[in-house]
Amino acid sequence: MNRSLRLALFVVVALVQLAVAGGAIVKSELALRTGEAFRFRIQPVDPVDAFRGRYVAIRFAVERAPATDDLEVRSGETIYVPLDVDADGYAALGQAKTDRPRRSSYLRLRAGVVSPDEEGNRWVWVALPFRRYYMDEDRAPDAERAVWAGRRGQREASISVRVRNGVGVIEELYIDDVPIHQWLAENAQDR
Amino acid sequence: MAIMGRLSIRWLLGELPKLEAEGVIDSGVAERLRAYYADKTLGAGRRLVVAIFAVFGALLIGGGVILLLAHNWEAFGRGTRAAIALVPLVASQVLVGWVLIKKSGSTAWREGTATLLALTVAAAIALVDQTYHTGGDLESFLWRWSLLLAPLPWLLNSTAVAMLFLAALTWWAGAAKVEGSQILMMWPLAAAVIPHLIHVMRSDRRGLRAANLQWAIALFLCVAAGLGLENRVPGLWIVVYVGLFALMITVGAANHRGEEGLWRRPLEFVGITGSVILWLVLSFDEPWRNIGWKHIHTTERFHEVSSWVDVVLAVGLPLAAIVAMALLLDRGRHCLYLMWGLAVPLVAVVWPLTATTDSRWIGAIAFTVLLFVVGIATIAEGVRRQHLGVVNLGMFVVAMLVVVRFFDSGFGFILKGFAFILVGIGFLVANVVLSRSLRAAEKEAK
């Protein structure tokens, strides 16, 4: 293969590499700047990722969306879940659909199994895409402890998320409604 | 000529006196050949060292960038961090572009900059994930990284990146398997190294790059064959691995000329090591419990296409091994390798037999006998060729078999005791016969 063809192909590959990294930036920035804000209640834990550093792992109490009787999805297929706000002001998953909703505040998710509960209501299990809150390697363990204490009922942990056209991006992690960095600064002397 | 064909040159120069003596070439030609290759090999060693240093330098720098970014510099804003993510990537892309234009003949430049690019790609997607708390778990990160690496080995003619790519892909497959995801895409994606493999084998099949690439591929195949199996039909892995190792031994044996060291024979090394371990495992009855189509899993947890890939591998690999043995190996010169290939016809008989009869002992006994026969044959061949390494390999096989059986609780002590004594007597008799025939051969030679 001659040199100019190889170079041209490399330019294409290089652009794809940039597009993957840059595209993720643009997508996330759009959601953060123009997306609607929601608050999710969480229950988290803290490990390390060799490539991306320390993070607070995020768990949700319940990860299922109500499903109508006519919803036909197989595990692994794409569904659209609109976001509502419950009485306490936290996000609640709305009724799952197989087609894209008209409004902008919905999440594009992968369906798990569909199963009825004891009362006969159908639910579709989902995995929310907010699984990690990356932090400074020195602070992550402290944040982790704070959040764990929250699990024992002393503190409330939550995340705020911006949602736009199916894409959700985490904005901030909160302990007792205080942003995590502020909370850690305020509570530094206690530890 | 590629820079690393030194072994071939050494071999050729070693042949020259013989060729000269037998009148194939005259002394003038021999002299000119010596002068030509003396010129060529002069800088080869130095260039090789430079290339190795370039790759390790790039690995360390790229790794350092990843670690620095992983610290998570929260003090910088989102915008700054996004820019930082792209800067090392763009810088190494420009560097690689420059090398493609100006330095494509230099292995050190090519391999070094390509390695740096592979790592800065990882750094860029990692930092973006980190900045925006997106990107999911490790599995998703490794998948995106593998996809972006796939075209690079061929495009940049870089073996180091091919090895990184296979490592990342294997890591992804392992992580995905743990999560219970489908890893069918591993096979087509892994095929991305084939064009590079062909290129390297064509330009310098006895060079260090070819050897390194073969190591990476051999190890990848060992792990991938296991991870890739859906195991819907229990026990298919036995046939798959017997076929895979026999194929590696055959292709490796057909490829080498006898003058290379162990490092340059990765296929043979992995194939033989893998065979010994596998056969020892198969000489127990446990792996043969409940195998075959009678015990097929019918729950929908199993993936349809993936299950068929199992069958294709289980039929294809042993067949490929048989065909390769028939086409590539010479019955006289490669008789030892053909002995090691015996496992394929053996498993082709034993596996279906076990599956129909559900008797676990057929397989265990067959592979115990196979280990013993191949071990003895290897010792005998080593003695015949006066090759200590081959003798030791045979001894090791027999010794391992003895150790494993000694502690095997599947047989009674009396049976084991008698068997050990009988085999011991056999060894002594063989020893006497062998040393007598050797002495006779020596006398004849005198």
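Where a number appears in this text, it was derived from the coordinates with a stated rule and is not lab data. Here the structure is a predicted model, which is why all the values come from computation and not from measurement. With ideal geometry, Cβ positions are generated from the backbone for all residues, glycine too; neighbour counts draw on all protein chains shown.
Ordering B:Gly174, B:Pro188, B:Trp215 by the projection of their Cα atoms onto the charge dipole of the protein assembly as shown, which places +1 on the Cβ of Lys and Arg and -1 on the Cβ of Asp and Glu, puts B:Trp215 at the extreme positive end.
Taking amide H atoms as placed 1.01 Å from N in the peptide plane, the amide H of A:Tyr134 lies under 5 Å from those of A:Val56, B:His133, each 5 or more residues away in sequence or on another chain. Applying the Karplus relation 6.51 cos²θ - 1.76 cosθ + 1.60 with θ = phi - 60° to segment B:275-286 yields 3J(HN,Hα) values of 4, 4, 4, 4, 5, 4, 4, 6, 7, 8, 7, 4 Hz, where x marks Gly and Pro.
Near the amide H of A:Val178, within less than 5 Å, lie no amide hydrogens of residues on another chain or at least 5 residues away, with H placed in the peptide plane. A Gaussian network model of chain A, with springs between Cα atoms under 10 Å, assigns the largest mean-square fluctuation among A:Arg122, A:Arg39, A:Arg102 to A:Arg102. As a proxy for reagent exposure, ranking B:Asp26, B:Asp408 by other Cβ atoms within 10 Å from fewest up yields B:Asp26, B:Asp408. Just in segment B:234-318: which GluC sites (Glu not before Pro) are loop by DSSP and have at most 16 other Cβ atoms within 10 Å? For GluC sites (Glu not before Pro) across segment B:234-318 that sit outside H, G, I, E and B with at most 16 neighbouring Cβ atoms in 10 Å, the list reads B:Glu259, B:Glu260, B:Glu300. Mean partner shielding of peptide B:156-163, defined as the number of other chain Cβ atoms within 10 Å of each residue Cβ, is 1. A straight chain from B:Asp330 to B:Ile277 at 0.36 nm per residue would run longer than the Cα-Cα distance by 16.5 nm. Computed from label points 7 Å out along Cα-Cβ, the spacing between B:Glu15 and B:Phe53 is 3.5 nm.
Of the chymotrypsin sites (Phe, Trp or Tyr not before Pro) found in segment A:98-134, no site is in coil according to DSSP while having at most 16 other Cβ atoms within 10 Å of its Cβ. Based on Cα contacts under 8 Å between residues 6+ apart, chain A shows a relative contact order of 25 percent.
For an R0 of 22 angstrom, estimate the FRET efficiency from the Cβ-Cβ distance between B:Val305 and A:Val16 and round to the nearest 0.05.
Values: r = 27 Å, r/R0 = 1.24.
Given R0 = 22 Å and the Cβ-Cβ separation, E is 0.20.
In this simple spin-label approximation, A:Asp177 and B:Asp26 carry label points 7 Å from Cα along the Cα→Cβ vector, and these lie 10.3 nm apart.
Computed extension gain for B:Glu179 through B:Arg34, at 0.36 nm per residue and net of the alpha carbon distance, reaches 46.3 nm. Counts of other chain beta carbons within 10 angstrom of each beta carbon in peptide B:66-74 average 5. Proximity of backbone amide H atoms, modeled 1.01 Å from N, is registered between B:His387 and no other residue at under 5 Å, excluding neighbours fewer than 5 places apart on the same chain. Structural descriptor for chain B: relative contact order 12 percent, calculated from alpha carbon pairs under 8 angstrom and at least 6 residues apart.
Where only DSSP H runs of four or more residues are counted, the protein assembly as shown gives -21000 deg cm²/dmol as its mean residue ellipticity at 222 nm, each run worth -39500 (n - 2.57). Note: relative contact order over segment A:62-127, using C-alpha pairs below 8 Å and six or more positions apart, is 41 percent.
Evaluating 6.51 cos²θ - 1.76 cosθ + 1.60 at θ = phi - 60° for every residue in segment A:103-108, the Karplus couplings come out as 5, 8, 8, 9, 10, 8 Hz, glycine and proline recorded as x. For B:Ile421 and B:Leu388, a Förster radius of 25 Å and the Cβ-Cβ distance give a FRET efficiency of 0.30, rounded to the nearest 0.05.
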